[in-house]
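Single-structure report; data block below.
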Amino acid sequence: MALQAMAQQDMPQTAEQSDAAAAAAAIAADIDAMSAERLADLPDAGAEELPVSAEAPDAPSGPEATTYLLIKELRSISRARSLRLQPEDVIVAVDGQPFQKDIDTFLDIMFECDPDNGVVLSIWRQGIVFNVIARGPLGCVLEHAKPEVSEKATADFADVVVEPQENYTTFEVLRDIFRNCIVLDTRLSPTAMIFPPIWCLQNRLWEVLVATFLVYGITLAVHWVLFIIAYVVLAIYFKKAHLVLRRSFAMMRGRHIWLVLAAKSELEAQRLCRKLDPKSVFVPDLVGPPVTDEPPKKRRRRRGK
């Protein structure tokens, strides 16, 4: 009797397990059928997509692989504006090497450059190539130049020799509305610290010269020790403010910063400026007279008969 009771209890459990297994098998069959239908609906499904997606990031395409970078827009406060770069300027080389890579690579180079030394950028503007020294990101909107523009820039850059950065000096060119230019050497002149009055005479800073003589005269009249202290203090001041003084007094006389160039000498800087503007006039002039417009012909007044 006990055996029969146990057998009767096991029979319902076995039936329930069989029903659950059958239901699970049916659900699995439905899932397999749905998956097969979805795979059949996908176009070109299979293993052939894997090699294409793996090679896509490494395959350059479009104008980005063969053209230079063009400055599209300048921000109001940026290093590019301080360097007096302009929209439509083309960056053809970095440290003398032609640059035809993507924008992200250029940004990485500018972010990682030495802030003290920077990099030499070769700029193409209206058929003229000149260099600037950038010590960080330019802060402008870049895009790839058109192929025909890159071809012109390549032809003009072929005759340019870019030397190592240590051979270049940054020059600032200031001019007025009459195209009278002054080329400022940004390097410190030893004369500015040792003999400030002579340095003022060389740079025609008459107001600064008068103020320097007044300080010397007043301190020397009080005591010679005070004069020595004033002389040392002014030497340190001229060391730190020599460029600001020359730039500010040039602006006070109606000039503004026109160009910032990296050149080996003031003569080379004037030659580059003369190429960009044949009518520019320099003081002192190292490249000869500029191009002048022919005076308009006077019309003779006809007399009435």
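The values are calculated or read from the model by the stated rules, or taken from the named source; none is laboratory data. Predicted, not measured: the structure shown is a model, and the values here were computed from it. Every residue, glycine among them, receives a Cβ derived from its backbone with ideal geometry; neighbour counts consider all protein chains shown. When the accessible area is computed, the model is the full protein with side chains, heavy atoms only, and any ligands, DNA or RNA have been set aside. Shrake-Rupley method; radii C 1.70, N 1.55, O 1.52, S 1.80 Å.
Filter region 158-183 down to residues that are among the polar types (S, T, N, Q) and either part of a helix (DSSP H, G or I) or within 23 Å of the chain's Cα centre (by Cα) (or both) and give me whichever is surrounded by the fewest Cβ atoms within 10 Å (Cβ to Cβ). Let's see the steps before the verdict.
Kept after step one, since they are among the polar types (S, T, N, Q), are these residues of region 158-183: 165, 167, 169-170, 180.
So of that shortlist, the ones also either part of a helix (DSSP H, G or I) or within 23 Å of the chain's Cα centre (by Cα) (or both) come out as 165, 167, 169-170.
Details: 165: 16, 167: 11, 169: 17, 170: 20.
Here the residue is 167.
Considering only region 127-153, state which residues are over 18 Å from residue 272 (Cα atoms), in contact (Cβ under 8 Å) with a residue 24 or more places away in the chain and in a helix (DSSP H, G or I).
Applying the first criterion (over 18 Å from residue 272 (Cα atoms)) to region 127-153 yields 134-152.
Now restrict to residues that are in contact (Cβ under 8 Å) with a residue 24 or more places away in the chain: 134-147, 149-150, 152.
Within region 127-153, 147, 149, 150, 152 meet the criteria.
Would you confirm whether or not region 196-212 contains a residue that is buried (at least 17 other Cβ atoms within 10 Å of the Cβ), of a type in the set (Phe, Trp, Tyr) and under 30 Å from residue 108 (Cβ atoms)?
No: region 196-212 contains no residue that is buried (at least 17 other Cβ atoms within 10 Å of the Cβ), of a type in the set (Phe, Trp, Tyr) and under 30 Å from residue 108 (Cβ atoms).
Looking at 244, 291, 260, 281 in this structure, which one is closer than 18 Å to residue 174 by Cβ, hydrophobic (A, V, I, L, M, F, W, C) and loosely packed, with under 11 Cβ neighbours inside 10 Å?
One residue alone meets the criteria, 244.
Could you list, in sequence order, all residues of region 75-88 that are closer than 12 Å to residue 142 by Cα and open to solvent by 30 Å² or more (accessible area, probe 1.4 Å)?
Once the filter is applied, which keeps residues that are closer than 12 Å to residue 142 by Cα and open to solvent by 30 Å² or more (accessible area, probe 1.4 Å), region 75-88 yields 75, 86, 87, 88.
Does region 187-209 hold any residues that are farther than 23 Å from residue 168 by Cα, touching a residue at least 12 places away in the same chain (Cβ under 8 Å) and outside any helix (DSSP H, G or I), and which are they?
Within region 187-209, just 205 meets the criteria.
Give 214, 261, 267 a once-over and let me know the one that is without any contact (Cβ under 8 Å) to a residue 24 or more places away in the chain and under 25 Å from residue 131 (Cα atoms).
Criteria check complete, one pass: 267.
What is the one condition in (1) more than 22 Å from residue 87 (Cβ to Cβ); (2) touching an Asp or Glu at 6+ places or on another chain (Cβ under 6 Å) that residue 199 does not satisfy?
(2)
Inspect region 106-116 for any residue being surrounded by 15 or more Cβ atoms within 10 Å (Cβ to Cβ), touching a residue at least 40 places away in the same chain (Cβ under 8 Å) and outside any strand (DSSP E or B) and give the result as yes or no.
no
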